[in-house]
1. Quick check: anything in the range 168-189 under 28 Å from residue 412 (Cα atoms) and exposed (fewer than 15 other Cβ atoms within 10 Å of the Cβ)?
2. Give the residues of the range 356-401 that are touching a helix residue (DSSP H, G or I) at 6+ places or on another chain (Cβ under 6 Å) and of a type in the set (D, E, K, R), sorted by residue number.
3. Which one of 157, 127 is surrounded by 13 or more Cβ atoms within 10 Å (Cβ to Cβ), part of a strand (DSSP E or B) and not small (Gly, Ala, Ser)?
4. Can you work out which of the residues in the range 196-219 that are outside any loop (DSSP other than H, G, I, E, B), of a type in the set (A, V, I, L, M) and in contact (Cβ under 8 Å) with a residue 40 or more places away in the chain is surrounded by the most Cβ atoms within 10 Å (Cβ to Cβ)?
5. Can you find even one residue in the range 39-59 that is modelled with pLDDT under 85 and among the β-branched types (Val, Ile, Thr)?
6. Tally time: how many residues in the range 221-253 are more than 18 Å from residue 392 (Cβ to Cβ) and surrounded by 19 or more Cβ atoms within 10 Å (Cβ to Cβ)?
7. I'd like the residue in the range 30-69 that is within 17 Å of residue 133 (Cα to Cα) and not polar (S, T, N, Q) and, out of all such residues, is surrounded by the fewest Cβ atoms within 10 Å (Cβ to Cβ).
8. Those residues that are farther than 30 Å from residue 55 by Cβ and surrounded by 19 or more Cβ atoms within 10 Å (Cβ to Cβ), I need them from the range 388-414; list them, please.
Amino acid sequence: MRNPVVVWLVLGLLILAEWYGYQAVRTVAQHWSPNARRGVAIGYWVLTVGLWGLAGWAGSTRQAGNTVLKSYLMSLPLLLLAAKIVILVPLLLEDLTRLGRWAVSSATRPAGIEADAIPRSEFLAKLALVLGAIPAVALLWGMVKGGTDYTVRRVTLKYPNLPPAFDGFKVLQISDLHTGSFNSTEPLERAVAMINRQGADLILMTGDLVNNRAEEVEPHIPALSKIKSELPIFSSLGNHDYGDYVAEFRDDRSLWRQNLERLMQNHAKMGWTLLNDTTHFIERGGDRIAILGIQNSSSHLNFHTYGNLPKAHAASGDAPFKILLSHDPSYWESHILKYPDIDLTLSGHTHGMQFGLNLPFLKWSPVQYAYKQWAGLYQQGRQKLYVNVGLGFLGYPGRVGFLPEITVFELRRA
């Protein structure tokens with residue numbers, strides 16, 4: 001059940017943002033002709049109400065029709081809202097200052113003389129509009145370009161227990177393809193070409209192949225089948241792969257099972273080997289390592305845990321080096337660290353929230369307030385976790401800061 005206090009706080013923030021956005025526009029237009037000011041006011045509210053109306057319609061019918069178009073319609077008012085929230089900050093501070101100055105003026109003036117109203121600063125209103133344009137333009141760029149601006153990240157990992165034959169072994173990870181979010185096959189065809197150029201020894205995919213339904217990936221099977229690897233391509237399931245967010249699947253478990261079985265068959269059609277609570281061994285030069293995979297498992301109560309880590313771990317035996325595919329990074333601290341011989345865990349799930357600052361000296365995203373491990377490399381003792389921010393997108397049809405990622409690990413003996 002939603003917390004009513006939080007709902008009212010969010011609603012209050014939305015109303016304030018819309019009001020201050022309007023105040024900024026009205027202040028900038030205050031010297032225009034009456035007809036021009038009237039046109040600006042009408043245009044502002046028609047655009048605002050129209051976009052929210054379209055977003056509401058798209059959200060209420062998002063499971064039917066052109067779901068990609070609807071994701072864009074749902075994002076447009078959020079793009080403008082981000083701008084208005086930025087506008088809100090300086091104008092609210094100005095209003096508090098104006099109120100204080102007016103109160104002081106009222107208290108110090110002789111009795112019977114009213115304090116003069118303090119006008120809003122036109123300069124500050126213009127500055128607020130310029131500042132508000134920054135997130136709006138960034139989010140728009142993320143929708144046009146950022147969502148498919150694929151990036152290769154290279155990470156060297158050193159382990160003292162890595163078998164000698166695997167020194168220099170290259171592992172490539174992709175995650176969170178969310179194929180249902182694409183309106184053409186071209187982006188993933190381009191991503192596959194980039195993957196093949198890396199010349200990885202082993203390719204792993206850590207969940208969320210689709211948004212909800214198994215058929216979403218089927219237009220992309222020809223492209224994804226072209227990923228080249230001499231070793232098997234291993235994959236695991238993420239929370240979206242089960243179809244738990246589709247009402248008809250929740251109501252009819254037979255449809256739920258059919259969807260999941262179809263998804264598993266689609267993995268096989270692409271030549272991918274699903275690791276559902278099991279282990280596969282890779283041998284090289286007389287040495288071997290274990291690749292473990294579990295179904296989606298989470299320490300967050302709002303996500304289902306389907307995986308059986310003890311079963312997958314038992315199957316790995318005494319392999320000297322172990323890599324685990326586990327979609328949700330929250331499971332690392334709560335469960336995986338209890339198995340000290342799991343050397344490397346590969347996760348996805350967070351997307352870096354598809355928005356944030358990803359600079360060499362600063363990494364920030366709103367998702368960090370929900371996940372302790374949310375992007376990049378983490379370590380406790382000799383155990384490491386890497387959280388891939390994903391290749392696709394969901395909800396907001398774009399990315400800002402945390403671009404779609406192909407990760408290439410080079411394993412080295414310490």
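1. Within the range 168-189 (the criterion being under 28 Å from residue 412 (Cα atoms) and exposed (fewer than 15 other Cβ atoms within 10 Å of the Cβ)), the answer is yes, since at least one residue qualifies.
2. 399
3. Values: 127 fails: part of a strand (DSSP E or B).
157 is the lone residue from the list that is surrounded by 13 or more Cβ atoms within 10 Å (Cβ to Cβ), part of a strand (DSSP E or B) and not small (Gly, Ala, Ser).
4. The first filter runs over the range 196-219 and keeps only residues outside any loop (DSSP other than H, G, I, E, B), leaving 196-197, 202-206, 214-219.
Adding the requirement that they be of a type in the set (A, V, I, L, M) leaves 202-205, 214, 217.
Applying the additional criterion that residues be in contact (Cβ under 8 Å) with a residue 40 or more places away in the chain yields 202, 204-205, 214, 217.
Details: 202: 23, 204: 25, 205: 30, 214: 21, 217: 25.
My answer is 205.
5. no
6. 2
7. Start the filter on the range 30-69 by keeping residues that are within 17 Å of residue 133 (Cα to Cα), which leaves 44, 47-48.
Then drop every residue that is not not polar (S, T, N, Q), which leaves 44, 47.
On the way: 44: 16, 47: 13.
Only one residue tops the list, namely 47.
8. First, pick out the residues of the range 388-414 that are farther than 30 Å from residue 55 by Cβ: 406-414.
Residues satisfying the conditions are 406, 407, 409, 411.
The values are calculated or read from the model by the stated rules, or taken from the named source; none is laboratory data. Keep in mind that what you see is a predicted model, and the values were worked out from it rather than measured. Cβ atoms come from the backbone with ideal geometry, glycine included; neighbour counts cover every protein chain shown.
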